[in-house]
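Right, one structure below, let's go through it.
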Amino acid sequence: MSYSLALGPFHPAWLGPQRFILRIADDRVVDVEYQNGFNERGCAERLPRLPLPDALHLVARICGECSFAHSLAFCQAIEQVQPRSVGMRAALLRVAIAELERTAAHLRAASAVLRAIGLDQRGAILDHFCQQSRDMLALVTGGRIPPPVCAPGGLFRDLTPVERQEVLAMLPGMSADLYRFIDRLIDQRFLLMRTVEVGVLPRAAAEQFGVRGPLARASGIRRDVRVDQPYAAYGMLDVQPIIQEGGDVYARLLLLLLEAYEGVKLVESALQRLPEEDPIVELPHELPRGQASSVVEGPRGAIRYTLESDGVRLTRVQIDTPRQCDRLLARTLLSRAQLDDVMAILASLAVCVACAEQ
């Protein structure tokens, strides 16, 4: 028996509208149609028309889960057009915010995978860890979704001593609890049965598709901007890139969890090293003529901003975000997959529609 099954455009397993039309035969996927483009906003075209304060606000609102990564890449590009040194306190706080954002995004995605295979209680535990990450992010930035806190040359907001101690008090317990959770989960028989050799993306295919971030590293590609091209204060911190070779749902899930655990340790290390200096800066009134490009490692992979200025304001902005799901990638991952595995495969991709359709 063969039939078609439509998923989306909205579903709890992914963020933002996207639609999958699956053709099923004998309970296996034989073909996939993929539709996106429901929410394209043209942010890159709008940015040059805005004053710099408004541009910073828009950049911070491009994506709810990658907000600070977009802001940081944008500000670093401006810092190249108008050379500005970033103090060590601001650089370390940038790392702390970026890692809290990454940790929250990874834990939410890992929870979605566990729920897709029926491990709802385990998923609820990860939701709690995700909530803790967002609580700490709110303390550091002033909002659960970071407001425009990153500024060219520094930050708009500093961390008070009380806020710093509160975050530092939360981190060790979360780190220990997350470690125990991962240790008890990774060899669970039911999890292995539902995720190993499911939705495999071989390394050769990952290279050919040009995927980035966790999706690439779960297929054995050793590529991480924080290590390859250190920015902010990553060069002085012990960043441990996580690599998995399997390319399947299990590899992607494990990589998300391990990167979240490493992220918590990086936040603690960054906040413990904060020097006593003022990270607050004022925005430049004009931008010199020139062009620049900056790349950061966002939760889904490398995000690059390329800017041009005419000597007064921005004239061109190009935003290059990680490749998200498309028809070819969906076919590669879902071809011959059992119907019961489809949602776990899609959830493990942690697709960011907002970044894809900025």
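The values are calculated or read from the model by the stated rules, or taken from the named source; none is laboratory data. Treat the numbers as computed from the prediction; the structure is a model and nothing was measured. Ideal geometry is used to build each Cβ from the backbone, glycine not excepted, and the neighbour counts take in all protein chains shown. These area figures cover heavy atoms from the full protein model, side chains too; ligands, DNA and RNA do not enter into them. Shrake-Rupley method; radii C 1.70, N 1.55, O 1.52, S 1.80 Å.
In this calculation the C-beta distance from Gln82 to Glu277 is compared with R0 = 22 Å, giving a FRET efficiency of 0.60.
Hull volume per residue, based on the alpha-carbon atoms of the chain and their convex hull, is 118 Å³. Once the GluC sites (Glu not before Pro) in DSSP loops with at most 14 neighbouring Cβ atoms within 10 Å are cut out of the chain, the longest remaining piece is 41-196.
Nonpolar atom fraction for the range 55-114, defined as the carbon and sulfur part of the 1.4 Å probe accessible area, stands at 56 percent. Taking every C-alpha pair closer than 8 Å and separated by at least 6 residues, the mean separation divided by the residue count of the chain gives a relative contact order of 28 percent.
With K and R counted +1 and D and E -1, the other residues having a Cβ less than 14 Å from that of Asp31 yield a net charge of +3. With θ taken as phi - 60° and the Karplus curve 6.51 cos²θ - 1.76 cosθ + 1.60 applied, the whole-hertz 3J(HN,Hα) list for the range 59-74 is 4, 6, 10, 4, 9, x, 8, 10, 4, 5, 4, 5, 4, 5, 4, 5 Hz, x standing for glycine and proline. Placing +1 on the Cβ of every Lys and Arg and -1 on the Cβ of every Asp and Glu, with no other charges, gives the chain a dipole of roughly 480 debye about its Cα centre.
For Arg289 and Asp54, FRET efficiency with R0 = 25 Å and r from the beta-carbon atoms, rounded to 0.05? Can you show the working numbers first?
On the way: r = 21 Å, r/R0 = 0.85.
Rounded to the nearest 0.05, the efficiency is 0.75.
On full extension, the segment bounded by Asp120 and Asp187 gains 22.4 nm, given 0.36 nm per residue less the C-alpha separation. Of interest is the spacing of the C-alpha centroids, which for the range 135-207 and the range 290-352 amounts to 19 Å.
Projecting the Cα atoms of Ala232, Gln35, His70 onto the charge dipole of the chain (Cβ charges, centred on the Cα centre) puts Gln35 farthest toward the positive pole. Residues considered: Pro51, Pro147, Pro214. Largest GNM mean-square fluctuation over the chain, using C-alpha springs under 10 Å, is found at Pro51. Can you grab the distance from the C-alpha centre of the range 210-236 to the C-alpha centre of the range 1-21, Å, no decimals? That distance is 30 Å. Surface analysis of the chain yields an accessible area of 41 Å² per residue, using protein heavy atoms and a 1.4 Å probe. Calculate the FRET efficiency for Asp31 and Asp320 from the Cβ-Cβ distance with a Förster distance of 25 Å, rounded to the nearest 0.05. It comes to 0.25.
So what's the net charge close to Ser335: Lys and Arg +1, Asp and Glu -1, counting the other residues with Cβ under 15 Å from its Cβ? Present the calculation step by step, with values, prior to reporting the outcome.
Numbers: positive: Arg23, Arg28, Arg327, Arg331, Arg336; negative: Asp26, Asp27, Asp31, Glu33, Glu197, Asp248, Asp326, Asp341.
Net of charged neighbours comes to -3.
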